[in-house]
Each structure stands twice: as C-alpha cells, then as structure tokens.
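The values are calculated or read from the model by the stated rules, or taken from the named source; none is laboratory data. Since the structure is predicted, the reported quantities are computational estimates derived from the model, not experimental observations. Cβ placement follows ideal geometry from the backbone for every residue including glycine, while neighbour counts extend to all protein chains displayed.
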Amino acid sequence: MARPRQFDDEEVVRAARDQFWSHGYDRTSIDDLSAVTGLGRGSLYGAFGDKHALFLQALDSYNSDAIGAWRSALRGPGPALPRLERLVCDISAAISRDVARRGCMMARSATELAAVDKSVAERTAATVRGLYGELADCIARAQEEGSLDADADTDGLASLLLAVLRGLEALGRAGATAEVVIGAAEQALALLPRASTNERAPDRQEGRSVL
C-alpha cells in the first residue's frame, strides 16, 4: 500500500516556479529543485515526473496567476477605463521596482525555450491570447460606457497596449530607469482615443505586482 504524500503539491510547484523564474530552465538542476522544495530526487520524480514536466507545471502556475491578476484588475464593478489605466500604472510601477530584473517568467521562458520546445511555445501563445482578450474586453466596455471613442479599433488598441506592456517588461530587464518605464506607460495611456478631452491618466502610485 502506497504511503500518503507528506508534502503539498502546490507549495512544491511554487517553490520550483521561483527557482525556474530566477535562474531559467537550463541553469536549474534537479539538485537545485531538491534544495528549494525540500524533496529528494526520488520524491520529485515520483510526484512530478522529470525536470521538464515540473517546469511545465511551474509555468502553468505562473501563467494562470498572470491571467487571473489581469482579469481581477480589469473586471468587476466600476467604470472600465480607470481599471485599464490602473493596470497599466501598476505594471509599470512593478517593473520599475524589480531591481533583480527578474521580469516576467513567461517572457523569459519563451526567450529561452519557445523556439525549440513546442509545449512552452503553445503555453506562451495561449497566455498571450488570454491577456489580449482581457484587454480587448475592457476596452470594449470603456467604449460602451462612453469613455473611449466608440469608433476606435478595439482589437487594434488591445494589441497596441499588449505590445506596450510587454515592451515595458523588456525595458525593465534591460535596465531602463523608473522614469523611462513609467513615462512610457503614461504616454501610452495619454494616446488612448478618449471620447472626452476632460479625461486624464491617473496619478502615479506604487502599484501592485501584476507581472
């Protein structure tokens, strides 16, 4: 009779996620994973399969959290445009505070592996579609509410904002200053086609992590 597991799978995956996020796939060994999870090789292999299988679970965990954070920020009661503005400000603030330049795990994983790993490429593409969909839905609601120009290209605006946000992350990892990152975010918001010229972008705040 098999003995019950003495560990929490989700906690192990999150510990492995932090290791892969900080050091990448190739630079993370099974010994590293054993050290951060507190599990021996046999337990890791028995519970999660090989290193690649555990990495995919860690990436899935990150991607799910990322989409969930954007969904929580962009949906719910209240006007859509302030929610969209706050998301952009929160992301730029989080990037400017990322002194370790860890950036986005999805982006780092795609850079390292997507060209040679179909599983990573498919997960990255699906997550990008999910993030794009959240932006497009929020922009459409802002247009319906009369905050943004109803004649503007909803899909085009969502694509533009997604490109800006992904670009901000790349700037942060490259060492751009907080002024550059936050300034670019504010300029992107200022260029949104508002239905009224009385709207203004929100003041800078500390923001929360939505990377």
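Does the range 189-197 contain any residue that is touching a residue at least 24 places away in the same chain (Cβ under 8 Å) and part of a helix (DSSP H, G or I)? Yes; the residues of the range 189-197 include at least one that is touching a residue at least 24 places away in the same chain (Cβ under 8 Å) and part of a helix (DSSP H, G or I). Quick one: is Ser109 under 17 Å from the mean Cα position of the chain (by Cα) and more than 28 Å from Ala174 (Cβ to Cβ)? Taking the combined requirement at face value, the residue does not satisfy it. Of the residues making up the range 100-118, at least one is touching a residue at least 40 places away in the same chain (Cβ under 8 Å) and on the phi > 0 side of the Ramachandran plot.
Which residue, of Ala100, Ala115, Ala121, is more than 26 Å from Leu189 (Cβ to Cβ), touching a helix residue (DSSP H, G or I) at 6+ places or on another chain (Cβ under 7 Å), of a type in the set (A, V, I, L, M) and surrounded by fewer than 18 Cβ atoms within 10 Å (Cβ to Cβ)? Spell out the reasoning first.
Values: Ala100 fails: touching a helix residue (DSSP H, G or I) at 6+ places or on another chain (Cβ under 7 Å); Ala115 fails: touching a helix residue (DSSP H, G or I) at 6+ places or on another chain (Cβ under 7 Å).
Ala121 is the lone residue from the list that is more than 26 Å from Leu189 (Cβ to Cβ), touching a helix residue (DSSP H, G or I) at 6+ places or on another chain (Cβ under 7 Å), of a type in the set (A, V, I, L, M) and surrounded by fewer than 18 Cβ atoms within 10 Å (Cβ to Cβ).
Beta carbons closer than 7 Å, at least 6 apart along the sequence or on distinct chains, never pair a first residue in the range 45-59 that is under 14 Å from Asp9 (Cβ atoms) with a second that is buried (at least 22 other Cβ atoms within 10 Å of the Cβ) and among the polar types (S, T, N, Q). Only one of the listed residues (Ala150, Ala158) is surrounded by fewer than 17 Cβ atoms within 10 Å (Cβ to Cβ), of a type in the set (Gly, Ala, Ser) and in contact with a helix residue (DSSP H, G or I) (Cβ under 6 Å, 6 or more places away or on another chain). That residue is Ala150.
Inspection of the range 100-107 finds no residue satisfying the criterion of being among the basic types (Lys, Arg) and modelled with pLDDT of 95 or more.
Name the single residue that is farthest from Ile91 (Cα to Cα) among those in the range 129-177 being charged (D, E, K, R) and not in a helix (DSSP H, G or I). Let's see the steps before the verdict.
Going residue by residue through the range 129-177, those that are charged (D, E, K, R) are 129, 134, 137, 141, 144-145, 149, 151, 153, 155, 166, 169, 173.
If we keep only those that are not in a helix (DSSP H, G or I) as well, we get 149, 151, 153.
Numbers: Asp149: 24, Asp151: 27, Asp153: 23 Å.
Of everything passing the filter in the range 129-177, Asp151 is farthest from Ile91 (Cα to Cα).
Is it the case that Ala136 is at pLDDT 95 or above and either within 27 Å of Arg14 (Cβ to Cβ) or surrounded by fewer than 17 Cβ atoms within 10 Å (Cβ to Cβ) (or both)? The answer is no for Ala136.
Within the range 82-95, does at least one residue satisfy the condition of being free of Cβ contacts under 8 Å to residues at least 24 places away in the same chain and surrounded by fewer than 18 Cβ atoms within 10 Å (Cβ to Cβ)?
From the range 82-95, those free of Cβ contacts under 8 Å to residues at least 24 places away in the same chain are none; that's our starting set.
No.
This table checks each residue for (1) closer than 30 Å to Val181 by Cα; (2) out of contact with any Asp or Glu (no Cβ under 7 Å at 6 or more places or on another chain); (3) surrounded by 12 or more Cβ atoms within 10 Å (Cβ to Cβ).
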position	(1), (2), (3)
Arg27	yes, yes, no
Gly42	no, yes, no
Asp50	no, yes, no
Asp65	yes, yes, yes
